[in-house]
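The values are calculated or read from the model by the stated rules, or taken from the named source; none is laboratory data. These numbers come from a predicted model, not from an experiment. Neighbour counts run over all protein chains shown; Cβ positions are idealised from the backbone, glycine included. With ligands, DNA and RNA removed, areas are computed over all heavy atoms of the protein, side chains included. Shrake-Rupley method; radii C 1.70, N 1.55, O 1.52, S 1.80 Å.
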Amino acid sequence: MGLQIDVNSAKSAQNKKTIAFGGGIIRRQPIRLGYIRLVDCAPLVVAQEFGIFRDFDLDVQLSREVGWASVRDKIVYGELDASQALGPMAFAISLGLGSLQCDCVSGLVLNFHGNAITLSNELAQRGVTDASSLRDEVLRARDEKVYTLGVFYNHSSHNFLLRQWLKSGGINPDKEVEMVVLPPNQMVRNLAAGTIDGYCVGEPWNSLAVQKGVGWTVQVSSELVPGHPEKVLIARREFADYKAEVHTHLISALLEACRFCQDPENRSDIVEMLSQKAYLNCSAELIEPSFSGQYQLSKDRVSNFSDFNVFSSEDSNEPTRERALWILDGMEEAGQLEGYRLASTKLATRVFKPEIYQAACGVAGKLSSARP
């Protein structure tokens with residue numbers, strides 16, 4: 001059983017005690033932990049605000065980053081010890097794709113799913129309802145324009161999911177449409193301005209397009225690829241090796257936070273917390289669908305996706321070889337591996353570390369059984 005968290009007392013707790021495990025004491029170390037302004041940063045925020053990091057005797061400094069390139073660069077240059085990250089980033093940084101090379105590891109999958117594909121209202125007016133009808137429109141308009149679709153990082157599941165969706169309708173993502181990279185907070189304004197015709201991104205940016213009346217959601221990622229890994233915790237290998245015990249306890253704390261996020265009874269507190277200026281700085285109304293599953297696809301259509309965001313379910317948090325290979329397959333299909341594919345099995349186990357996850361599970365169980 002996980003930690004028993006009293007939400008009311010946790011919000012104001014200032015517990016400074018140290019906690020002993022097996023005769024040793026885990027001393028407080030300032031950990032620089034990055035995250036992005038997305039709904040699925042919830043486990044990091046929960047662990048900080050509800051005192052879970054303190055329960056594991058960790059001193060964590062959360063750092064809200066402006067985008068994934070910032071996360072990448074701060075990991076590479078040692079300004080962050082660890083961060084919420086897109087699964088493919090762990091491999092791209094370790095290979096030096098698009099940046100200086102820096103060995104990274106991941107001992108935790110933070111969530112499944114959480115993404116959606118949103119299109120412009122103009123496409124709906126032109127009869128687009130799915131990928132196949134988008135292909136009809138792309139062919140019809142090919143002498144007039146090239147449709148442009150956005151993702152906010154090349155080494156991302158968003159890129160892979162959008163490419164797969166386009167291919168399912170018979171569209172070549174490399175030749176028949178243009179794909180561009182934009183920060184998530186610029187997606188809606190570019191959609192409204194007509195500079196892009198759609199995008200694949202996490203929340204709350206799909207819901208914001210619907211709320212503002214500038215777009216509609218055609219598909220969510222839990223429908224497109226059920227069980228796909230989304231965000232992971234990445235850490236510099238140097239940090240994971242030289243502060244192995246601290247790293248393990250960091251994962252243990254976040255694992256407890258993931259379980260907390262999955263519990264329906266905690267949703268209202270999490271939504272309220274995430275909406276605050278320090279975190280997502282948006283209305284609770286925009287965040288709530290990611291947790292309730294009552295997802296507004298358009299002004300007139302609501303669907304229930306109980307698995308829109310999965311923070312914890314059975315072994316969902318384990319960074320398995322199979323999940324690593326799904327990411328590497330997506331990178332290969334997008335032409336990103338640059339000759340590394342033959343070594344993909346070795347690369348999968350070099351970066352995704354289930355043994356660290358298992359050790360963290362043991363620490364979490366030990367703390368849970370030690371508590372009254």
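Of Thr217, Thr248, all but one fail to be more than 15 Å from the chain's Cα centre (by Cα), at pLDDT 95 or above and more than 18 Å from Arg32 (Cβ to Cβ); the exception is Thr217.
For every residue, the table says whether it meets (1) under 21 Å from Val188 (Cβ atoms); (2) of a type in the set (S, T, N, Q); (3) under 28 Å from the mean Cα position of the chain (by Cα).
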{"site": "Ser120", "(1), (2), (3)": "yes, yes, yes"}
{"site": "Arg126", "(1), (2), (3)": "yes, no, no"}
{"site": "Leu149", "(1), (2), (3)": "yes, no, yes"}
{"site": "Tyr153", "(1), (2), (3)": "yes, no, yes"}
{"site": "Gln164", "(1), (2), (3)": "no, yes, yes"}
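Within region 236-278, restricting attention to residues that are in contact with a Cys (Cβ under 7 Å, 6 or more places away or on another chain) and of a type outside the set (A, V, I, L, M, F, W, C), the residue that is surrounded by the most Cβ atoms within 10 Å (Cβ to Cβ) is Arg236.
In region 293-318, the residues that are among the basic types (Lys, Arg) reach residues that are part of a loop (DSSP other than H, G, I, E, B) and open to solvent by less than 80 Å² (accessible area, probe 1.4 Å) with C-beta atoms within less than 9 angstrom, at least six apart or across chains, in these pairs: Lys299/Gly213. When you scan region 173-181, do you find a residue that is crowded, with 18+ Cβ neighbours inside 10 Å, among the hydrophobic types (A, V, I, L, M, F, W, C) and modelled with pLDDT under 95, even just one? No. The C-beta contact set for region 102-124 (first residue farther than 30 Å from Ala240 by Cα, second residue of a type in the set (A, V, I, L, M), distance under 6 angstrom, 6+ apart or interchain) comprises Ala116/Val220; Ile117/Val218; Thr118/Ala209; Leu119/Val218; Ser120/Leu191.
Would you confirm whether or not region 190-198 contains a residue that is at pLDDT below 95 and surrounded by 17 or more Cβ atoms within 10 Å (Cβ to Cβ)?
Residues of region 190-198 at pLDDT below 95: none.
No, because not a single residue in region 190-198 is at pLDDT below 95 and surrounded by 17 or more Cβ atoms within 10 Å (Cβ to Cβ).
Only residues that are part of a strand (DSSP E or B) and open to solvent by less than 50 Å² (accessible area, probe 1.4 Å) were counted in region 28-70, giving 9.
Taking the criterion of being open to solvent by 40 Å² or more (accessible area, probe 1.4 Å) and farther than 23 Å from Ile327 by Cα, the residues of region 202-235 that qualify are Gln211, Lys212.
Table: residues versus (1) part of a loop (DSSP other than H, G, I, E, B); (2) crowded, with 22+ Cβ neighbours inside 10 Å; (3) out of contact with any helix residue (DSSP H, G or I) (no Cβ under 6 Å at 6 or more places or on another chain).
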position	(1), (2), (3)
Leu280	yes, yes, no
Leu286	no, yes, no
Phe291	no, yes, no
Asp307	yes, no, no
Ser316	yes, no, yes
Trp326	no, no, yes
Asp329	no, no, yes
Gln336	yes, no, yes
